[in-house]
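Let me begin by presenting the structure, written as structure tokens, before commenting on it.
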Amino acid sequence: QQHLHQSNNPTMIMAFVVRLAVAIVACLCGEAQGFVVVAPRPGAQHPVVLLKAGPQDEQEVPSTTGPRGAPRRTSRRMPSSTRPARVRRTRPSPPQYQVATERAPHQYDHTQADARPFVDALEQVRHQDPNIDAPVFDAPMATTIAGPLIEHDHMQTHALDELFPQVAGFSQLFFSNGDFRHKLRQALRQDLFDATPAYAGLSDKARNMLLLPDSSLQGSWKCQGRRSNDGSVVLRMPTLTKVLHKFLGPTAPTGDDFLDTIGALCGSQPQTHLIDIVGITDRQITHSWHQDTGRSPNQDTYTVLLGFPKEDNYTGGGVFSHLVKLSREQWAPEGHAPQEPVLYPHAIDEKYIIRPQFSRGQEIILYRDVDVLHSAPDVAYRSSVMRFM
């Protein structure tokens, strides 16, 4: 500045300003780090732009002040003349598309309670028509293979008294004693869990969670033919056996006989699958019509439901699945996986819907899977329903 002030040469002053501006812009842009602008010597015409010298090599300084008196080792940096130049990467500019700031119509436009409102299930089922004499349904949009006209009963009912005649008052006790129903169901689930290989090795925490009364649990109902190495019979359902004998006395069946007797209603070629289903019990849902397999091996294989009502002395709906009677047998298409349900994803008029009733002497219902469409009840009022296949 001193030299420029002393110089009255406008050309030199302009050139200096231009070079200085270029250097400043270059430094700000990160493209000319390490440059310095030097004022001209007296008599020179232009300022000089020089490369700034890099840091001097650090000298190794011995020291006895390090830990335990050891000499401190200092690093030696590579001379600036041999270091590779740092390459600056430019950041990509942000995308220029518009970002949505408003929610789509289906996102949180109502509360969960509004979407599937809570209901007084007991009050709802009291006003539902069982519609046992509903007309048959032709299933016009079914993807199944239609079979012959159905001339037999689409649904049958059975009583525990009928299946276990040696036990006096079985149906009445099941109907009127909630403690018996609860302990029977709990013991059955515990034994089923312990006897199912798929659950082996699970932690106690997982076991406790799966055995919570509001969770579904599945396994096999078949118990016959289990013997120890010495040939004696080994009970698969020991906890259930104790509960049955405690409440029903010496004429009670074993837990194994209880399951096998109900399972025998499934017919000549059952899957031996058992599931304890709870489902949604505090909201009204839409029917979801389907068949479990779309099959009935040997024409005599049935689905069997054992209901567990939510209160004592209960007669009414909401325990069993809802049914639609088909006019013709409907069989799964060829190649349909045997474990996959056959869906009927269409609404069905109320006049065709049967809501089977639970009552004393009607603790069990059964039907062939090719004779009906079925769905979880639109309003459930039950502890659970056990499905044997």
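Here's a check for you: in region 251-271, which residue that is among the β-branched types (Val, Ile, Thr) and within 16 Å of Leu305 (Cβ to Cβ) is surrounded by the most Cβ atoms within 10 Å (Cβ to Cβ)? Residue satisfying both the conditions and the ranking: Ile262.
Residue by residue, here is whether (1) among the hydrophobic types (A, V, I, L, M, F, W, C); (2) modelled with pLDDT of 90 or more; (3) open to solvent by 20 Å² or more (accessible area, probe 1.4 Å) holds:
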position: Leu163; (1), (2), (3): yes, yes, yes
position: Ala168; (1), (2), (3): yes, yes, yes
position: Ser171; (1), (2), (3): no, yes, no
position: Asn177; (1), (2), (3): no, yes, yes
position: Arg181; (1), (2), (3): no, yes, no
position: Ala198; (1), (2), (3): yes, yes, yes
position: Leu202; (1), (2), (3): yes, yes, yes
position: Gly225; (1), (2), (3): no, no, yes
position: Ser232; (1), (2), (3): no, no, yes
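On inspection, Phe388 passes the criterion of being surrounded by 18 or more Cβ atoms within 10 Å (Cβ to Cβ), touching a helix residue (DSSP H, G or I) at 6+ places or on another chain (Cβ under 6 Å) and touching a residue at least 24 places away in the same chain (Cβ under 8 Å). When we screen Arg387, Arg382 for residues that are modelled with pLDDT of 95 or more and part of a loop (DSSP other than H, G, I, E, B), the only hit is Arg382. Ala376 satisfies every condition listed in (1) touching a helix residue (DSSP H, G or I) at 6+ places or on another chain (Cβ under 7 Å); (2) open to solvent by 20 Å² or more (accessible area, probe 1.4 Å); (3) of a type in the set (A, V, I, L, M) except (1).
Checking Leu188, Leu192 one by one, the residue that is of a type in the set (A, V, I, L, M), in contact with a strand residue (DSSP E or B) (Cβ under 6 Å, 6 or more places away or on another chain) and buried (at least 20 other Cβ atoms within 10 Å of the Cβ) is Leu192 and no other. Among all positions in region 209-224, there is no residue which is polar (S, T, N, Q) and in a helix (DSSP H, G or I).
Against the numbered list (1) in a helix (DSSP H, G or I); (2) within 30 Å of Val372 (Cβ to Cβ); (3) open to solvent by less than 60 Å² (accessible area, probe 1.4 Å), Glu123 comes up short only at (3).
Taking the criterion of being touching a residue at least 60 places away in the same chain (Cβ under 8 Å), open to solvent by 90 Å² or more (accessible area, probe 1.4 Å), among the charged types (D, E, K, R) and over 23 Å from Trp221 (Cα atoms), would at least one residue in region 112-119 satisfy it? The answer is yes, given that some residue of region 112-119 is touching a residue at least 60 places away in the same chain (Cβ under 8 Å), open to solvent by 90 Å² or more (accessible area, probe 1.4 Å), among the charged types (D, E, K, R) and over 23 Å from Trp221 (Cα atoms).
Residue by residue through region 329-354, note down the ones that are farther than 11 Å from Thr144 by Cα, open to solvent by less than 50 Å² (accessible area, probe 1.4 Å) and not in a strand (DSSP E or B). So that I can check it myself, show each step before the final result.
Our first condition is that a residue be farther than 11 Å from Thr144 by Cα; within region 329-354, this holds for 335, 337-341, 345-354.
Checking the rest, the ones that are also open to solvent by less than 50 Å² (accessible area, probe 1.4 Å) come to 337, 348, 352-354.
Hits for region 329-354 are Ala337, Ile348, Tyr352.
The values are calculated or read from the model by the stated rules, or taken from the named source; none is laboratory data. What you see is a predicted model, and the numbers here were worked out from it, not measured in a lab. Note: ideal-geometry Cβ built from the backbone for every residue, glycine included; neighbour counts use all protein chains shown. Areas reflect the complete protein model, heavy atoms only, side chains present, ligands, DNA and RNA absent. Shrake-Rupley method; radii C 1.70, N 1.55, O 1.52, S 1.80 Å.
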